[in-house]
Every structure is written in structure tokens, then in C-alpha cells.
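Report on one structure; see the data block that follows.
Each value in this text was obtained by applying a stated rule to the coordinates, not by laboratory testing. These figures come from a predicted structure and were not determined experimentally. Here the Cβ positions follow ideal geometry from the backbone for every residue, glycine too, while neighbour counts run over all protein chains shown.
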Amino acid sequence: MSDNLHQLRCFGCGARIAGAEAQPDFRCAECGDLFEVEYPGWNQRKGNDRPNAGALKWLWRERRCSSEVLDHSGVWRFRELLPILENFGNAVTLQEGNTPLYPLLRASKALGIDQLYAKHQGMNPTGSFKDTGMTAALSVAKERGFEWVACASTGNTSAAMAAYAARAGLRCLVLIPEGKIAWGKLAQAMDYGAVTCQLKTDFDGCLSLLTEIVKQAPIYLLNSVNPYRLEGQKTPAFEIAEAFDWNVPDHLIVPGGNLGNSSALGKGFREMHELGLVARMPRISVIQAAGANPLVRSFENSHGSVLEPVEAKTRATAIRIGNPASWRKAVRVIQDTDGWCLDVNEAEIAIAKAELGSEGLGCEPASAVTLAGLKKLRAEGKIGSAETVVLVLTGHTLKDADYTIDFHRGTLLKEEETVGLEAKIDGLRRNARAVEATPSAVLATLKG
Ligand code: F0G
């Protein structure tokens with residue numbers, strides 16, 4: 001497993017190219033589809049030729065106690081499974097990954113699922129799962145000598161890219177849809193020194209514009225169309241398997257936006273399975289917001305063979321995406337693992353987010369679709385009480401404080417969105433109270 005050899009394989013036509021031959025927009029010159037990183041030889045490894053699974057598992061765990069900076073990264077700790085750099089010394093790391101897997105105590109009781117966990121990717125250095133992908137792809141940019149990197153973003157990708165670019169001493173360009181990203185994320189891009197352009201278009205518009213820009217200037221594209229991003233983002237799959245002592249959970253539930261993350265996690269589990277590190281794959285289900293649900297529609301209308309872009313609208317701004325780039329990869333993951341794809345509405349997202357908050361975890365709205373989706377899957381009898389379920393929480397609760405405050409003040413949802421849910425929502429709201437500055441007034445708030 002020591003060969004730093006990889007190639008890119010087109011997901012559409014199967015064409016193979018060397019990593020350095022990719023076009024600036026990471027689209028196949030033959031068919032226009034996206035590439036996947038492939039490691040020649042891995043799938044031919046059978047029997048004794050396979051890596052020594054026990055030795056690798058020991059090594060990865062051992063690295064957690066090592067004094068090497070690279071070993072402190074939950075991505076590069078697994079570097080045998082992502083040999084994408086010529087020299088691992090070029091890795092740019094903020095000690096990402098190694099995120100907590102929390103048991104969900106209240107939700108587990110409420111849903112009657114004994115083994116329910118949240119893999120909290122919001123506990124990464126910039127507060128989202130994007131860090132795991134960014135350490136991988138930005139390291140490639142650095143190794144290949146780029147001076148500029150860029151992304152279109154609903155906020156988290158730009159925050160992560162800006163931080164890693166700053167660490168590497170690279171310049172970075174961020175394109176964001178004006179007025180449609182959470183302030184916390186915009187603040188991060190500014191703080192880390194990005195050149196940030198707010199454009200009068202949506203995320204999909206920003207990404208298609210950037211695709212043109214990178215063809216005209218030597219700028220390295222760091223959206224999840226870049227297949228190296230997915231190599232980093234597959235590593236939480238390894239962490240999850242490791243946390244369960246290499247017995248994978250029955251279900252993994254992931255939010256869906258541009259669909260890079262579900263594709264990456266599916267790749268991680270598939271590769272572990274192919275290499276004999278785990279005995280099976282979990283069922284991977286993708287949950288979208290009802291106002292940004294092109295993949296759900298694709299499954300309903302064409303069993304996932306055609307995707308019609310939609311005009312996306314949801315308060316979960318991170319997943320406000322109508323034309324997801326990695327949809328074909330996500331379809332394969334869902335189909336290969338017998339997972340489901342469904343959507344949840346704005347009230348369901350807000351309630352699930354407040355429930356996760358009340359467990360002492362919290363997350364950003366886009367992450368809460370996982371719990372909202374789980375409730376539906378459980379109600380439909382698709383998930384049994386004895387099965388193990390992991391929700392992937394993608395972003396930190398502080399990313400979008402406005403959303404949380406609006407919910408607790410009762411100004412987030414419109415009346416027509418909450419019909420029949422008023423009591424449930426009232427029970428979750430914890431608005432701050434204006435109280436006189438006396439002990440008796442404060443103590444009085446504890447009653448009732
Ligand atoms: N959750 C959060 C918090 C996100 O920021 C995103 C995507 C997703 C879920 C969806 O993941 O796109 O891989 O399906 N955010 C991107 C961004 C698009 O620009 O930060 P996906």
C-alpha cells in the first residue's frame with residue numbers, strides 16, 4: 001500500500017487520465033462528466049495480495065499517539081488509503097478530522113432506536129466537514145505549484161478553502177451568492193484573507209461562472225468537482241468504521257447539496273469493503289431540503305437516471321443548490337447500498353435542529369435534515385429499532401446563529417409552515433427573556 005500512484009477515471013465514459021492531465025474544470029474532455037480518483041491495482045488485490053488489514057488498523061490507531069504533525073490529522077492518519085501526493089511533506093493540515101461520534105440520547109429514546117449516533121463533522125477546525133476535503137485538494141494545489149485557488153460556495157467550502165490557503169501561503173478567490181450565505185461563514189472567509197466576491201446569482205450560477213474563469217487563468221478549482229476533495233471527505237467513513245471496531249453501522253444518513261459528501265463517504269466505505277477492511281457497507285441515505293430537492297425528484301421521476309435542475313429555495317442555505325454537480329456519483333452510492341433519498345420541509349428541519357440543540361450538540365440547519373429524514377424513515381418502517389444508525393452532522397451550530405435565534409424568537413417560520421406543529425415548536429423554543437437585574441426576578445424565571 002505504499003505506492004503513491006493514482007489516476008483519474010471518468011465517472012461517465014470510464015476514460016482514464018493522469019492526475020496532472022485534468023482540465024481546469026475537472027470535466028472529462030470526452031463526455032463532460034466528472035472524474036474519480038482511482039488507485040490502479042487496488043481492485044486486483046485478492047487473498048494474500050491484499051493489504052494486511054490488521055496491521056493497517058493498528059497503524060492508524062497508533063498514529064493518534066504519534067508526535068508527527070501529519071499523524072494528528074484524521075485525514076492523513078489514513079494516508080495509505082489516499083496516496084494522492086508525490087510527497088506527503090506537502091500536506092497542508094490544520095489537524096482536521098478525528099471528530100467525535102456522539103450517542104444521541106434523547107433522539108434515540110424518542111425514536112426507539114437503541115444505537116443512534118451523530119458523527120459531528122462540525123467539530124473540524126473551520127467548523128464543517130469541508131476541512132477534510134480541503135486538506136487533500138489544497139495540498140495537491142500546493143504540490144502542483146498553483147498560486148491561486150478558488151471556489152464557489154454556499155459558505156462552508158469558502159471558509160475552509162480560505163483557512164487552508166492561508167496556511168499554505170496561497171491566494172484564494174471566493175464566489176458567493178449575495179445575501180444567501182450565513183454571516184459566520186462570510187466572516188471566516190474575510191478573516192482568513194480571501195478575495196471574496198458576492199455575486200447577484202445563486203450557488204449554481206457562481207459555480208458555472210467559476211468554471212469559465214478557471215479556463216482563462218491559472219487558478220486551481222477547489223469545489224467538489226475536484227476529485228481530490230472527495231478523497232479527503234471519504235476519511236470520516238474510516239473513522240466511523242474504526243469507532244465501531246470495524247463493524248460498520250447499518251445506516252448512514254447524510255445531507256445532500258452538491259452531493260460531493262455522500263459520494264465521498266460512499267467511496268470510503270466501498271474502498272474499505274473492496275480492500276477487506278470491513279465486511280459490508282452501510283445503507284447510505286441522502287436527505288435534501290424540500291425546496292432544493294433535485295435528486296429526490298430524479299429518483300421519483302427516472303429512478304435516478306436524469307436530473308432536472310430546480311430553482312433552489314430553503315433557509316438551510318448550505319444546501320440551497322438546484323443543480324448538484326456530483327449527482328451521478330450520489331445515485332450510485334444510494335443504489336449500491338440500498339439506501340433512500342428523501343426530502344424534508346422547513347418546519348421539519350427547524351424542529352430537528354432544535355432537538356439536536358437540546359441534546360447539547362447543535363448543528364447548522366443543513367445538518368439537521370439528517371435527523372428529520374431519520375424520523376421519516378423510522379415512521380415508514382425502513383429502519384428497525386435494533387439497527388445502528390449514524391447521522392452525519394456537517395456544520396457547527398455557530399455557523400448560522402441568525403437561524404437559531406430566529407427560531408427561538410419565533411420569527412423563523414411562517415404561520416402556514418407550522419400548522420399542526422405549534423405545540424411541538426413552542427416546547428422547543430428557548431427565547432432569551434428581558435429580566436430585571438434582581439435575584440428575585442431571575443429566580444422567578446426558574447418557576448414554570
Ligand atoms: N451541510 C453543510 C453544512 C454544507 O455546507 C454542505 C455544502 C452540505 C451539507 C452538502 O454537502 O454539497 O457535499 O452535498 N456546502 C457547500 C459549500 C456547497 O459551498 O459550502 P454536499
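Using bins 20 angstrom wide from zero, how does P(r) for the chain break down, in % of all Cα pairs?
Using 20 Å bins, I get a P(r) of 26, 59, 14, 1 for the chain.
Under a point-charge model restricted to the Cβ atoms of Lys and Arg (+1) and Asp and Glu (-1), what is the dipole moment magnitude of the range 53-191 relative to its Cα centre, in debye to the nearest 20?
That gives the range 53-191 a dipole magnitude of about 340 debye.
Taking θ = phi - 60°, what integer Hz values does the Karplus form 6.51 cos²θ - 1.76 cosθ + 1.60 yield along the range 216-225, in sequence order, with x for Gly and Pro?
9, 8, x, 10, 8, 7, 10, 6, 6, 5
How large is the Kirkwood hydrodynamic radius of the range 288-422, in angstrom, based on all distinct alpha carbon pairs?
15.7
For the range 191-335, what percent of Cα pairs sit more than 22 Å apart?
Percentage above 22 Å: 46.
Just to be sure I follow: if Rg is taken over the C-alpha atoms of the range 280-347 and Rh is the Kirkwood radius over the same atoms, what is Rg/Rh?
Rounded to two decimals, Rg/Rh equals 0.97.
Cβ neighbours within 10 Å, averaged per peptide: list 159-165, 348-354 in order, most packed at the top.
Sorting 159-165, 348-354 by mean packing, highest first, produces 159-165, 348-354.
Would you calculate the volume per residue, in Å³, of the smallest convex hull containing every Cα atom of the range 75-177?
Output value, Cα hull per residue: 112 Å³.
Per residue of the range 364-381, what does 6.51 cos²θ - 1.76 cosθ + 1.60 with θ = phi - 60° give for ³J(HN,Hα)? Whole Hz please, x for Gly and Pro, Karplus curve as stated.
7, x, 4, 6, 5, 4, 5, 5, 4, x, 4, 4, 5, 4, 5, 5, 7, x
Suppose only helical runs count, i.e. DSSP H with n ≥ 4. What mean residue ellipticity at 222 nm does that imply for the chain under -39500 (n - 2.57) per run, divided by all residues and rounded to the nearest 500 deg cm²/dmol?
Calculated mean residue ellipticity at 222 nm is -11000 deg cm²/dmol.
Which of the residue pairs Lys119/Lys180; Lys200/Lys267; Lys109/Lys353; Lys267/Lys414 have a Cα-Cα distance greater than 28 Å in the structure shown?
Lys200/Lys267; Lys267/Lys414
Could you please state, rounded to a whole Å, how far the C-alpha centre of the range 428-446 is from the C-alpha centre of the range 298-376?
Cα centres, the range 428-446 to the range 298-376: 37 Å.
Can you find, among Thr438, Ser208, Ala401, the residue sitting farthest towards the positive end of the charge dipole of the chain, where Lys and Arg contribute +1 and Asp and Glu -1 at Cβ?
Thr438
Any idea how far the Cα center of the range 66-117 sits from the one of the range 213-246, in Å?
Distance between centres, Cα-based: 13 Å.
What translational diffusion coefficient, in µm²/s and rounded to a whole number, does the Stokes-Einstein relation yield for the range 233-315 at 25 °C and a viscosity of 0.890 mPa s, taking the hydrodynamic radius as the Kirkwood radius over Cα pairs?
Here the translational diffusion coefficient equals 177 µm²/s.
Are there cysteines in the chain with no second cysteine's Cβ under 4.7 Å away, and if so, which?
Within the chain, the cysteines lacking a partner Cβ under 4.7 Å are Cys65, Cys151, Cys172, Cys197, Cys206, Cys341, Cys363.
Between Ser73, Ser262, Ser302, where does the largest GNM mean-square fluctuation fall for the chain, given springs only between Cα atoms within less than 10 Å?
Of Ser73, Ser262, Ser302, the most mobile in the Gaussian network model is Ser302.
Among 147-153, 83-89, 203-209, 379-385, what's the highest-first ranking by average C-beta atoms within 10 angstrom per residue?
Packing proxy ranking, top to bottom: 147-153, 203-209, 83-89, 379-385.
Could you work out the mean projected area of the convex hull around the alpha carbons of the range 129-198, in square nanometres to one decimal?
3.9
To check my understanding: the extent here is largest minus smallest coordinate of the Cα atoms along each principal axis. What are those three numbers for the range 150-260, in Å, largest first?
For the range 150-260, the Cα extents along the three principal axes come out at 46, 29, 29 Å.
What number do you get for the range 88-136 when its Cα radius of gyration is normalised by 2.2 N^0.38 Å, N = residues?
Here the answer is 1.52, to two decimals.
Can you give the Kirkwood hydrodynamic radius for the range 1-131, in Å, rounded to one decimal and based on Cα pairs?
17.8
Over 18 Å apart: what share of the alpha carbon pairs of the range 358-413 falls there, rounded to a whole percent?
The share of Cα pairs beyond 18 Å in the range 358-413 comes to 43 percent.
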